[in-house]
Amino acid sequence: MNDTSDRTRDKTRRIRDAAEQVFAEAGFRRARIRDVAERAGVAEGTIYLYFKGKEDLLLSIFEARMEELIHGVREAVAAADSPQEQLRAFARFHFSQVERNRAVAEVLQVELRLSHKFLKAYRPTHLWTYLSVIGDILDRGREAGCFRADLDPHILRWAFFGALDELAMQWVLARPARRFSVDHAARQVADTFLQGVVLVDPTRSQPQEAP
């Protein structure tokens, strides 16, 4: 039973890895299951034993990669010693994954948005879990008295992630010569965000109104 499970996991991973490359190279709309099968070294019919179709395969890539990102970002954040540094660690990790895994980033940043199922019917629980890491950092900052308590945490985590996500999209779409430094982007996004959320005067729970 274990050998069968291991073989199934190995073949599923091989198909998923092949699909990442095919989707990144050809685009999700133009990619064909037969191209994925050829890249994975399996029969075309074999893919349908594990996935319902191309969209199901795309969503499987998303789920698998998000699980890896969640694990990785939690480790990166845990190594930082303050809420401010944890936000910076989150930004650095997010951009580092885009730079190191460009094919994966292209699939998640560009091709995933072409999936009708993802946009209309899919519940991206893995994405929400990823966002909850930002929410936890913000909660710790408020509890420690270093982040403002008057700001909506739901809006804040989407605003922070939205900035990272949009810049990651721009990096993926840009030609190599015009790509910006991901380290610089991480620092600038985190620093700009922190300027708005850090409680400058810890004796006040809300920012002082302008005269």
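The values are calculated or read from the model by the stated rules, or taken from the named source; none is laboratory data. Values in this document were obtained by computation on a predicted structure and should not be read as measured data. Ideal geometry is used to build each Cβ from the backbone, glycine not excepted, and the neighbour counts take in all protein chains shown.
Residues in the stretch 37-52: is at least one aliphatic (A, V, I, L, M), touching an Asp or Glu at 6+ places or on another chain (Cβ under 9 Å) and outside the structural domain of R179 (by TED's automatic domain parsing)?
Yes, the conditions are met somewhere in the stretch 37-52.
Identify, by number, the condition in (1) surrounded by 14 or more Cβ atoms within 10 Å (Cβ to Cβ); (2) more than 14 Å from V107 (Cα to Cα); (3) not hydroxyl-bearing (S, T, Y) that L49 doesn't meet.
(1)
For residues that are of a type in the set (S, T, N, Q) and surrounded by 17 or more Cβ atoms within 10 Å (Cβ to Cβ), scanning just the stretch 52-95, find the one that is farthest from Y122 (Cα to Cα).
The extreme case among them is Q84.
Taking the stretch 184-201, which residues are exposed (fewer than 15 other Cβ atoms within 10 Å of the Cβ) and in a loop (DSSP other than H, G, I, E, B)?
Those that are exposed (fewer than 15 other Cβ atoms within 10 Å of the Cβ) and in a loop (DSSP other than H, G, I, E, B): V200, D201.
Does A37 count as surrounded by 16 or more Cβ atoms within 10 Å (Cβ to Cβ) and in contact with a helix residue (DSSP H, G or I) (Cβ under 9 Å, 6 or more places away or on another chain)?
yes
Of everything in the stretch 106-151, what is surrounded by fewer than 19 Cβ atoms within 10 Å (Cβ to Cβ), small (G, A, S) and free of Cβ contacts under 8 Å to residues at least 60 places away in the same chain? Give them in sequence order.
Selection gives A121, S132, G135, G145, A149.
Mind checking which residues of the stretch 126-168 are within 12 Å of the chain's Cα centre (by Cα), among the β-branched types (V, I, T) and farther than 16 Å from Q84 by Cβ?
Hit for the stretch 126-168 is T129, nothing else.
When you go through (1) part of a loop (DSSP other than H, G, I, E, B); (2) without any contact (Cβ under 8 Å) to a residue 12 or more places away in the chain; (3) among the small types (G, A, S) one by one for A31, which number turns out not to apply?
Going through the list (1) part of a loop (DSSP other than H, G, I, E, B); (2) without any contact (Cβ under 8 Å) to a residue 12 or more places away in the chain; (3) among the small types (G, A, S), A31 breaks only (2).
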